[in-house]
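Just below is one structure, and these are the notes that go with it.
The values are calculated or read from the model by the stated rules, or taken from the named source; none is laboratory data. What you are looking at is a predicted structure, and each value in this text was computed from that prediction instead of being measured. Cβ placement follows ideal geometry from the backbone for every residue including glycine, while neighbour counts extend to all protein chains displayed. Side chains included, ligands, DNA and RNA excluded: accessible areas come from the protein's heavy atoms. Shrake-Rupley method; radii C 1.70, N 1.55, O 1.52, S 1.80 Å.
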Amino acid sequence: QVRLVESGGGLVQPGGSLRLSCAAPGTILSTFTLYTMGWYRQAPGKQRELVATFTSAGGTNYADAVKGRFTISKNNSRKTVYLQMNSLKPEDTAVYYCRGADGSRVSWGQGTQVTVSS
């Protein structure tokens with residue numbers, strides 16, 4: 001497993017933007033690049049759901065609710081995954097979690113709160 005640390009959450013008005021970061025500070029580059037990375041979120045009273053993820057082949061996959069608004073990217077040299085969130089809506093309010101998977105091994109970050117409200 002790897003240690004993942006999210007940051008960048010906060011309070012934003014509807015229509016605004018945020019960029020979340022997920023870093024793996026205790027992981028060497030060769031290990032980090034073996035993991036398939038993604039973002040999930042959990043709103044109050046709801047189950048954790050997929051937001052965006054890289055595929056094992058290096059492509060991307062997005063939840064229908066965020067397509068066209070969110071973009072996942074990464075910088076391997078910095079061992080960091082990003083989630084750019086534009087045109088935010090109140091229904092995007094949730095705790096956002098970074099996930100890394102390598103076969104059966106799964107690591108989760110601690111989560112970062114995103115609140116979209118006027």
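Condition check ((1) aliphatic (A, V, I, L, M); (2) in contact with a strand residue (DSSP E or B) (Cβ under 6 Å, 6 or more places away or on another chain)) across all residues:
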residue	(1), (2)
V5	yes, yes
L20	yes, yes
S30	no, no
Y40	no, yes
Notebook entry, point to check: Quick check: is even one residue across region 64-74 in contact with a Pro (Cβ under 8 Å, 6 or more places away or on another chain) and not charged (D, E, K, R)?
Noted result: no
Residue under question is R99, and the condition is that it be among the basic types (K, R) and either farther than 16 Å from T31 by Cβ or surrounded by fewer than 17 Cβ atoms within 10 Å (Cβ to Cβ) (or both); does it hold? no
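Here is a yes/no grid of residues against (1) of a type outside the set (V, I, T); (2) touching a residue at least 24 places away in the same chain (Cβ under 8 Å):
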residue: K67; (1), (2): yes, no
residue: T93; (1), (2): no, yes
residue: G100; (1), (2): yes, yes
residue: G109; (1), (2): yes, yes
residue: T112; (1), (2): no, yes
residue: S118; (1), (2): yes, yes
Within region 60-89, residues at pLDDT 95 or above, small (G, A, S) and either surrounded by 15 or more Cβ atoms within 10 Å (Cβ to Cβ) or out of contact with any Phe, Trp or Tyr (no Cβ under 8 Å at 6 or more places or on another chain) (or both) come out as A63, A65, G68, S87
Filtering region 21-46 down to residues that are open to solvent by 30 Å² or more (accessible area, probe 1.4 Å), in a loop (DSSP other than H, G, I, E, B) and within 17 Å of A63 (Cα to Cα) yields K46
query = Is region 60-77 home to any residue that is charged (D, E, K, R), over 21 Å from S87 (Cβ atoms) and assigned to a loop (DSSP other than H, G, I, E, B)?
reply = no
Conditions (1) assigned to a loop (DSSP other than H, G, I, E, B); (2) under 13 Å from W108 (Cα atoms); (3) of a type in the set (A, V, I, L, M) -> L88 fails only (2)
